[in-house]
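Only one structure is covered here, and it is reproduced in the block below.
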Amino acid sequence: MNLIILGPPGSGKGTQSDFLVEQYHFVHLSTGDLLRDEIVAKSEIGLSAKSFIDQGKYVPDDVMNGIIDNKITNLKDNFILDGYPRTIGQVKFLETVLQKINHKIDVVLYLEIKEQTIVDRLLARLVCPVCKTTYNRISMPPKVDTLCDKDQTPLIQRTDDTDSNKIVTRLNEYNVSTQPLVDYFRSKGLLKVIDANQDNTTIRQQLKQIIEAIHG
Ligand code: AMP
């Protein structure tokens, strides 16, 4: 089965994807992580994406669709799309690609969260630049100092998490371009809403119930 994890920045898409990968061995495709890798590699895509990301803006659809086309075509079943699609144009492109390779999306997990919680979470977020595991200084700190629990790499703050103006821009982008996807996927009968304001254990129980109900 294949799924999309949808929600505003800071709703926990990366953290819950990590959990689903551990539990069910999905391949995790995070377009944010892919773009950050391109930036580190100083590739052409990375150089053009950096200015958008640093401003909190969306990278243009044609760039994003190109990245996904490249990745998804070689995938077998069982993937999680995290951070893609983010616009109706990307949804339409994804549908075409999936049709071409005879795959489908089985469920869209929508992490719904209050806007005021988002800003606090993003400002406290830390990530491992190597394995991409996400932590939070307040709600999910690493075991030792600011080192990754898995590979002991010093954790960093993402450049787009460091100032509240950028966060407001990202939320505006989300509200204008991505929120309409919620109704779209609901109309297709694919949407499952999870209250992401709840504690992590409850969220994970609900995710498991949803996946196991579909997967059997
Ligand atoms: P994320 O790690 O998912 O929060 O993504 C970080 C940033 O990468 C976003 O704020 C956008 O600038 C860019 N980005 C990631 N995925 C997409 C996408 N599907 N469409 C447009 N921009 C994206």
Next item on the list: Within the set of other residues whose C-beta is less than 15 Å from the C-beta of V97, count the net charge using Lys and Arg as +1 and Asp and Glu as -1.
Entry: 0
Margin query: At a threshold of 8 angstrom on Cα-Cα distance, excluding pairs fewer than six apart, so keeping six or more, what relative contact order does region 86-186 reach in percent?
Written below: 30
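Classify the chain as rounded, prolate or oblate, taking a ≥ b ≥ c as the square roots of the eigenvalues of its Cα gyration tensor: rounded when a/c is under 1.5, otherwise prolate if a/b is larger than b/c and oblate if not. Write down the numbers at each step before the final one.
Values: a/c = 1.36, a/b = 1.14, b/c = 1.20.
Verdict is rounded for the chain.
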Check: Rounded to a whole number, what % of the accessible area of the chain do carbon and sulfur atoms account for, probe 1.4 Å?
Finding: 52
Next item on the list: Estimate the FRET efficiency between D195 and S43 by the formula 1/(1 + (r/R0)^6), using the beta-carbon distance for r and 35 Å for R0, to the nearest 0.05.
Entry: 0.35
Notebook entry, point to check: Taking the Cα-to-Cβ direction at Q23 and at Q157 and moving 7 Å from each Cα, how far apart do the two end points lie in nm?
Noted result: 3.2
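Going down the list K57/K114; K76/K100; K50/K208; K143/K166; K104/K166; K57/K143, which pairs span over 24 Å between their C-alpha atoms?
Working: K57/K114 21 Å; K76/K100 13 Å; K50/K208 35 Å; K143/K166 29 Å; K104/K166 34 Å; K57/K143 33 Å.
Listed pairs above 24 Å: K50/K208; K143/K166; K104/K166; K57/K143.
What accessible area per residue, rounded to a whole number of Å², is obtained for the chain using a probe radius of 1.4 Å?
Values: 10960 Å² over 216 residues.
For the chain, the per-residue accessible area is 51 Å².
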Next item on the list: Calculate the length of the line joining the C-alpha centroid of region 32-111 to that of region 138-216, in whole Å.
Entry: 17
Check: Just how much of R125 is accessible, in Å², when a 1.4 Å probe is used and the result is rounded to the nearest 10?
Finding: 40
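The values are calculated or read from the model by the stated rules, or taken from the named source; none is laboratory data. The model shown is predicted, which means the values in this text are computed figures rather than measured ones. Note that we place each Cβ from the backbone using ideal geometry, even for glycine, and neighbour counts take in every protein chain shown. Accessible surface areas use protein heavy atoms only, side chains included; no ligands, DNA or RNA. Shrake-Rupley method; radii C 1.70, N 1.55, O 1.52, S 1.80 Å.
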